[in-house]
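Novice: Before we start, here is the structure in question, set down as structure tokens.
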Amino acid sequence: MPSDNKIIEFFNAINEDLQRQVNEITEVANRLKAEQTRKAKRDAKKQTDAFLRGETAGIMKSCGRRVAAARAGAKKELLERRAVLEQQAFDRAADKLKAFTETPDYEVFLAKSAQRIAANFNGGEIVFYLRRADEKYAEAIAAAVPQPCRFETDDEILIGGCRAVSESSRLSADDTLDARLENQRDWFGEHSGLSAHVGQTGE
């Protein structure tokens, strides 16, 4: 039977793919920031040249509008690029997770997941929720946990894994692959933020 390390390595590979996407977005952001800086300098030079020619009327306002428009355009471009990269990354991750559910390791993953959940519940019957395709693993899960348990299908679980509710304490836990992937989406958003890159012209 595969070790926990094998399953951890599987999820680490997904994390590495997401990190590559973060790096690509950061590279795009830095390039756009540099373009903004160059444009601001060009606009400043044009303003100076115009001033020297005596064309002072409306120069400051016009220059400010051009710089603001350039920044807004760069931010829009980065947001669109980020959305595309993010969706591509998570589509690939979802496909990998779905493929994982077709391997022998997946049954082991479900059993260990159920064990971890049961260890955090204070006795009593546990209701495990599985996707319909995973009902065949109910017996293996039941054998892995010490508490009595029953199973229900949950059509909202699209990728796999399980969630559970303790009947006695009403505690709940969600260790579905769907939830794990969504948690990575939150991490992705935090690490590919725009505030540090867009809207500033730099030195």
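The values are calculated or read from the model by the stated rules, or taken from the named source; none is laboratory data. Since the structure is predicted, the reported quantities are computational estimates derived from the model, not experimental observations. Heads up, the Cβs are rebuilt from the backbone with ideal geometry, glycines too, and the neighbour counts pull from every protein chain shown.
Novice: Identify the residue in segment 141-156 that is touching a Leu at 6+ places or on another chain (Cβ under 7 Å) and either crowded, with 20+ Cβ neighbours inside 10 Å or of a type in the set (A, V, I, L, M, F, W, C) (or both) and, among all such residues, is nearest to Arg116 (Cα to Cα).
Specialist: Among them, the one singled out is Ile141.
Let's see how each residue does on (1) more than 30 Å from Arg31 (Cβ to Cβ); (2) modelled with pLDDT under 90; (3) in a helix (DSSP H, G or I):
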| residue | (1), (2), (3) |
| --- | --- |
| Leu78 | no, yes, yes |
| Glu86 | no, yes, yes |
| Ala89 | no, yes, yes |
| Ala93 | no, yes, yes |
| Tyr106 | yes, no, yes |
| Ile117 | yes, no, yes |
| Phe121 | yes, no, no |
| Tyr129 | yes, no, no |
